[in-house]
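The values are calculated or read from the model by the stated rules, or taken from the named source; none is laboratory data. Since the structure is predicted, the reported quantities are computational estimates derived from the model, not experimental observations. Positions of Cβ are generated from backbone atoms using ideal geometry, with glycine treated the same way; all protein chains shown enter the neighbour counts. These accessible areas exclude ligands, DNA and RNA; they are computed on the full protein's heavy atoms, side chains included. Shrake-Rupley method; radii C 1.70, N 1.55, O 1.52, S 1.80 Å.
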Amino acid sequence: MQRWWLTIAVIACAPVAALANDWGMGDSNSKIPVSSIFSPVSTPAHEINVLALFTIAITAAIFVIVGGLLTYAIVRFRRRPGEDDREPPQVYGSNPIEFAWTTVPVLIVLVLILTTARTIYTVQAPTRPPGAISVRVIAHQWWWEFRYPDLGVVTANELHVPLSDRQSPTPTFLDLESADVAHSFWVPRLAGKTDVIPNRKNTMWIDPHVAGTYLGQCAEYCGTEHGLMLLRVIVEPRADFDRWVAAQKQPPALDASVAHGRQIFESTACVNCHTIQGTAAVGRFGPDLTHLMARETIGAGVAMNTRDHLRVWVDDPNVMKPGALMPAMNLGDKDLDDLVAYLATLH
Amino acid sequence: MAGSIEHEIPLSATDDLQSLPVLGKLHEWVVTVDHKRLGIMYIAGGLVFFLVAGLQAATIRLQLAFPDGNIVSPQVFNRLMTMHGTAMVFMVGMPILTGFFNYLVPLMVGARDLAFPRLNAFGFWLWLFGSLLLYFSYLAGDGLYGAGSAPDVGWFAYAPLTELPFSRGNSTDYWILSILLTSVGSTATAINIVATAFCMRCEGMTLGKMPVLVWLAVVVAFMMIVVLPPLSAAQAMLLLDRFLGAHFFDTQAGGSAILWQHFFWIFGHPEVYVLVIPAFAFASEIIPVFSRKVIFGYSIMVAASCGIGFISMSVWAHHMFAVGMTPAGNSFFAASSMLVGVPTGIKIFNWLGTIWGGKLRFQVPMLFCLAFLFQFLIAGLTGIMLAVAPFDWQTTDTYFVVAHFHYVLVGAIVFMIFAAIYYWFPKATGRMLSEKLGQWHFWLFLIGFHMTFDTMHFSGLRGMPRRIYTYQPGRGLETLNLIESIGALVQGIAVLIFVINVMRSLLAGEEAGNDPWDAWTLEWSTTSPPPEYNFATPPVVRSRRPLWDLKHPDDPDWKYE
């Protein structure tokens, strides 16, 4: 009998056992408000929200009226028990009624078209104030590269932008490019999505007016790890943003205690894909690691950036992100420890 | 000489095979050119693929039931969602709807078969083997390590993910070739339907007296003839890219990724109407019979369907609002997409007008129709939301869109396919489906449908993109996804009941008789199942409802039409 219960318990737990380790992301995510399109903090998202609510109001009214009529008709004209079998009067149609229920939808559609067009032009044709920040967003299978051409900063997966206040706006303009296949840049609370398409330059803009971290991710199917091509936007007051930029422009401090780890990095395949300023590593295929430890997450948001997670990732990225294009490094335990110790100094 | 060819075919083959009854029966089905048998084979084949692709969807829901799910790997998940989408459109929706038109159009126009019976058989076998080819990729699709097996590029197969550098092996080639084949078959069927409706009508049946279903079959057939070639052309280009080094969509050599999207959606959007107009057609036949009233506004219904056919060809780029079109382009496609809502609305109003003042009988086909009316209304309204381009920038490629199009494809089309099966099954087999099991099937399917797809709207609005193989905890998506998965299970149980119902009826169903629903169109005037030649003498009609005229000689339709 007890074995019976044990079997049931094991079967019931099977789905839970099938869950992967969440690498600390659950805790981190739950501290960030849900990325609802109805809680905008930036003008494009706000404009869309207003239009969305207007559209929902109209469609809800249509639903109540038509759905109500349908319900009424179904209840009122049901065949009642004991009724005779005579057929009801046959009505073949009515042109005035047809005219009425054609005209009213046409008018509703006309109103919607005009309001839609106005929002399209507001969002798609912005004026660019002098203080605007430019960022080149380059989407890769399955991570994001961010380059600030005016500031000389390169980072990955976590986009830092300054707070934009309404008196002296400092919006951020994003130039979107893809290194491989089609992707889509989407952070629901900041703006609608814009596709990132190879051989084509798209642009979008955001002007967040509430500081905080906003979650987003790739929204166009782009291959195996589309599901974990995550991104974060960190919106900071101007002073914090300037401090972050200054720190990013510093070369990483040299720490003699991790010289062996650095030597491993510079003498293995790492340098083919990664850049660390001030070293021999100038690869462009993977994320720039110069200030790796300044980022909250690794692997485009698959794990919190801790030493343990970093070790798992470098040992074999497929454990965290099956299909990731970075190969397992096949290092011995000692070398792996030293390498991770070196990476952990890249503040 | 025709005579000598006939002699080369052993005419006695069937006689020889009669000693082996099963084989003989099978042989009859393989060599048949009868529109009814081909129609049944289309529908049965489509239902088998429906079960397979449905199980694939169930696996997807199992994977997504909990955050960080680990039931299948991302590679397997991506194959599942690609195969589910591709199969549900090309191997389920298209054949079942074609099958019904195959079966019904000749019967409804009082003809003995489609205009080109052999072409019809050709189309069916192309479809069947094309479909098998797609699933054969699971066995035969090879590639580099970790890349092989079934296609994993999504059902709209966006370039350049389908190009050689990103899709090694030949799984994508299976996707291309199988759909190329089924498209050719569908085009053949479309030509056949147009020819039958225009040339094979019985005496007295003018175009204005054709049943609504036949009219809508013509609209769908014309749309298929127009929209399938762009897809086939794009697929041919993709094959050239992959095998001969052309660069149509190869962005690394200057090709255009957007070009594929235009090609795909100029097929893909009208395709939605190719699938949903048959659902309208079933509703326009079934709702009147169970309301005991003539269809309200026949000519307006036909005109609205033609209008949908035309407008739907100029709305395709509403799938591409996020690709960075100009504001003018976005505004145009927003406007055209909203306009298609007008004729669609007219159709809903006319069904309402048909119900109004009737005596509604809530038998299973009607239950599915009534659910269809509400669900299609909601699908239309979320469609209007998606046509509002800025709203679409937020919702495109999210679960909001997944919810919207499943409201169309399941809430409208699958519901109406079930309605049509319950309605015409007695005609095709001579047996009734069980009303009691049908009620269970309907209510469970309804509950499961709403659990799954209502909640998907909200996960989309909360930032969940489509086609992701997992999602992290802590993003407010756990509860919604769990409800969606439980709903999928309920739908699965409902479909199981449906399968049992069909099996039970085939073995020991109640006899149907010629006209179990007291209906009015020509197919109910012949026996159930109809003889191979359909009608012993070609019928002559005077109105759109020939059987009404027969049953009510004192008050016939032709006086009023």
If you check A:Pro40, A:Pro126, A:Pro130, A:Pro33, which single one turns out to be of a type outside the set (A, V, I, L, M), part of a loop (DSSP other than H, G, I, E, B), within 9 Å of chain B (Cβ to nearest Cβ) and closer than 30 Å to A:Asp242 by Cα?
-> A:Pro33
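Yes/no matrix, rows are residues, columns are (1) free of Cβ contacts under 8 Å to residues at least 60 places away in the same chain; (2) open to solvent by 10 Å² or more (accessible area, probe 1.4 Å):
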site: B:Leu339; (1), (2): yes, yes
site: B:Pro343; (1), (2): yes, yes
site: B:Lys347; (1), (2): no, no
site: B:Leu367; (1), (2): no, yes
site: B:Val388; (1), (2): yes, no
site: B:Asp397; (1), (2): no, yes
site: B:Val401; (1), (2): no, yes
Among the residues of the stretch B:525-544, which ones are of a type outside the set (Ser, Thr, Tyr) and surrounded by 15 or more Cβ atoms within 10 Å (Cβ to Cβ)?
-> B:Pro529, B:Pro530, B:Asn534, B:Phe535, B:Pro539, B:Val541, B:Arg542, B:Arg544
Near pairs, Cβ below 9 angstrom, 6+ apart or cross-chain, from the stretch A:326-343 (polar (S, T, N, Q)) to any residue that is open to solvent by 40 Å² or more (accessible area, probe 1.4 Å) | A:Asn330/A:Asp315; A:Asn330/A:Asp316
Of B:Gln363, B:Gln375, the only residue that is open to solvent by less than 20 Å² (accessible area, probe 1.4 Å) and in contact (Cβ under 8 Å) with a residue 12 or more places away in the chain is B:Gln375
How many residues does the stretch A:269-317 contain that are assigned to a loop (DSSP other than H, G, I, E, B), open to solvent by 40 Å² or more (accessible area, probe 1.4 Å) and on the phi < 0 side of the Ramachandran plot?
-> 8
From the list B:Leu547, B:Leu522, B:Leu507, which residue is crowded, with 16+ Cβ neighbours inside 10 Å, farther than 30 Å from B:Ile71 by Cα and more than 14 Å from chain A (Cβ to nearest Cβ)?
-> B:Leu522
Extreme residue, least open to solvent (accessible area, probe 1.4 Å), among residues of the stretch A:84-101 that are in a loop (DSSP other than H, G, I, E, B) and more than 7 Å from every other protein chain (Cβ to nearest Cβ) | A:Ser94
B:Ser149 versus (1) part of a helix (DSSP H, G or I); (2) open to solvent by 10 Å² or more (accessible area, probe 1.4 Å); (3) over 17 Å from B:Leu104 (Cα atoms): which is the lone unmet condition?
-> (1)
Listed residues A:Ala239, A:Ala256; which is under 15 Å from A:Ile133 (Cβ atoms), away from chain B (no Cβ under 14 Å) and surrounded by fewer than 22 Cβ atoms within 10 Å (Cβ to Cβ)?
-> A:Ala239
In this structure, does A:Arg78 turn out to be under 30 Å from B:Val388 (Cα atoms), open to solvent by 40 Å² or more (accessible area, probe 1.4 Å) and either more than 7 Å from chain B (Cβ to nearest Cβ) or not hydrophobic (A, V, I, L, M, F, W, C) (or both)?
-> no
Which numbered condition trips up B:Trp440, out of (1) more than 14 Å from chain A (Cβ to nearest Cβ); (2) closer than 30 Å to B:Asn102 by Cβ; (3) open to solvent by less than 20 Å² (accessible area, probe 1.4 Å); (4) without any contact (Cβ under 8 Å) to a residue 60 or more places away in the chain?
-> (3)
If you check A:Ala211, A:Ala246, which single one turns out to be more than 16 Å from the chain's Cα centre (by Cα) and within 16 Å of A:Leu163 (Cα to Cα)?
-> A:Ala211
Subset of the stretch B:359-400 [among the small types (Gly, Ala, Ser) and more than 7 Å from chain A (Cβ to nearest Cβ)] = B:Ala371, B:Ala379, B:Gly380, B:Gly383, B:Ala387
Every residue from the stretch A:136-165 that is touching a Phe, Trp or Tyr at 6+ places or on another chain (Cβ under 9 Å) and open to solvent by less than 10 Å² (accessible area, probe 1.4 Å) = A:Val137, A:Ala139, A:Trp144, A:Val153, A:Thr155, A:Ala156, A:Glu158, A:Leu159, A:Val161, A:Pro162
Unique residue being modelled with pLDDT of 95 or more, within 22 Å of B:Leu133 (Cβ to Cβ) and in contact with a Phe, Trp or Tyr (Cβ under 6 Å, 6 or more places away or on another chain) when the list is B:Gly45, B:Gly39, B:Gly99 = B:Gly99
Tell me, which residue of the stretch B:322-337 that is facing chain A (nearest Cβ under 7 Å) and buried (at least 20 other Cβ atoms within 10 Å of the Cβ) is nearest to A:Gly93 (Cα to Cα)?
-> B:Ala335
What number goes with the only condition from (1) within 11 Å of another protein chain (Cβ to nearest Cβ); (2) open to solvent by 10 Å² or more (accessible area, probe 1.4 Å); (3) among the small types (Gly, Ala, Ser) that A:Ala182 does not pass?
-> (2)
Those residues that are open to solvent by 20 Å² or more (accessible area, probe 1.4 Å), small (Gly, Ala, Ser) and at the interface with chain A (Cβ under 10 Å from one of its Cβ atoms), I need them from the stretch B:43-95; list them, please.
-> B:Ser73
Checked pairs for the stretch B:231-242, first more than 15 Å from B:Ile266 (Cβ to Cβ), second open to solvent by 10 Å² or more (accessible area, probe 1.4 Å), C-beta under 6 Å and 6 or more apart or across chains, list as B:Leu240/B:Ala246; B:Asp241/B:Phe248; B:Asp241/B:Asp250; B:Arg242/B:Leu164
Give the stretch B:487-496 a look and list any residue that's open to solvent by 30 Å² or more (accessible area, probe 1.4 Å) and in contact (Cβ under 8 Å) with a residue 40 or more places away in the chain, or say none.
-> B:Leu489, B:Gly492, B:Ile493
Check whether at least one residue in the stretch B:160-182 is basic (Lys, Arg) and over 24 Å from B:Ala304 (Cβ atoms), and report yes or no.
-> yes
Which of (1) within 30 Å of B:Lys347 (Cα to Cα); (2) surrounded by fewer than 16 Cβ atoms within 10 Å (Cβ to Cβ); (3) within 29 Å of the chain's Cα centre (by Cα) does A:Thr116 not meet, given it meets every other one?
-> (2)
Which of the residues spanning the stretch B:242-268 are assigned to a helix (DSSP H, G or I) and within 14 Å of another protein chain (Cβ to nearest Cβ)?
-> B:Thr251, B:Gln252, B:Ala253, B:Ala257, B:Ile258, B:Leu259, B:Trp260, B:Gln261, B:His262, B:Phe264, B:Trp265
From (1) touching a helix residue (DSSP H, G or I) at 6+ places or on another chain (Cβ under 8 Å); (2) under 26 Å from A:Val210 (Cα atoms), pick out the condition that doesn't hold for A:Gly227.
-> (2)
